[in-house]
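Quick notes on the structure that follows.
The values are calculated or read from the model by the stated rules, or taken from the named source; none is laboratory data. On a predicted model such as this, the values are computed, not experimentally measured, just so you know. Here the Cβ positions follow ideal geometry from the backbone for every residue, glycine too, while neighbour counts run over all protein chains shown. Calculation scope for accessible area: heavy atoms of the full protein, side chains included, ligands and nucleic acids excluded. Shrake-Rupley method; radii C 1.70, N 1.55, O 1.52, S 1.80 Å.
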Amino acid sequence: MMDKQSFVPKEVLTFDTVQSDNLRFLQWLQNNKLKNVRLDLSNVVQCDSAGLALLIEAKRLCLKHHKVLSIIGMPKVISAWAKFCGVEAMLMA
């Protein structure tokens, strides 16, 4: 369940699913008046490189909309992908 401050993507962040989550995130971001927002990944059970790209895009969109994004509940699978791809520090910033 999403509160006003947190966006919760689907449990699977893969090439087949990220487009719909990206659209949902953009709509949520545009409708959200809060400056500090969260991306809650605690329900994610599967992620591939497209899912990681979605997280990077979420950070970029927040900068564009003058919002501060915190990523919470990052599962080990995403943390491992981020570390492997060298973007872990960017996502945690």
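Does ILE56 satisfy the criteria of being open to solvent by 40 Å² or more (accessible area, probe 1.4 Å), touching a Leu at 6+ places or on another chain (Cβ under 9 Å) and either small (Gly, Ala, Ser) or outside any loop (DSSP other than H, G, I, E, B) (or both)? Yes: the conditions hold for ILE56. Out of all the residues in segment 83-93, which are under 12 Å from the mean Cα position of the chain (by Cα) and open to solvent by less than 80 Å² (accessible area, probe 1.4 Å)? Result: LEU91, single match. When segment 6-53 is filtered for residues that are part of a strand (DSSP E or B) and farther than 15 Å from LEU69 by Cβ, the ones remaining, listed by number, are VAL12, LEU13, GLN46, CYS47. Condition test on ILE78, is it in a helix (DSSP H, G or I) and in contact (Cβ under 8 Å) with a residue 12 or more places away in the chain? Criteria met by ILE78.
Selection of segment 33-53 for residues being in contact with a helix residue (DSSP H, G or I) (Cβ under 9 Å, 6 or more places away or on another chain) and open to solvent by 40 Å² or more (accessible area, probe 1.4 Å) yields VAL45, GLN46, ASP48, SER49, ALA53. Beta carbons closer than 7 Å, at least 6 apart along the sequence or on distinct chains, pair a first residue in segment 47-62 that is among the basic types (Lys, Arg) with a second that is open to solvent by less than 10 Å² (accessible area, probe 1.4 Å) and part of a helix (DSSP H, G or I) for LYS59/LEU91.
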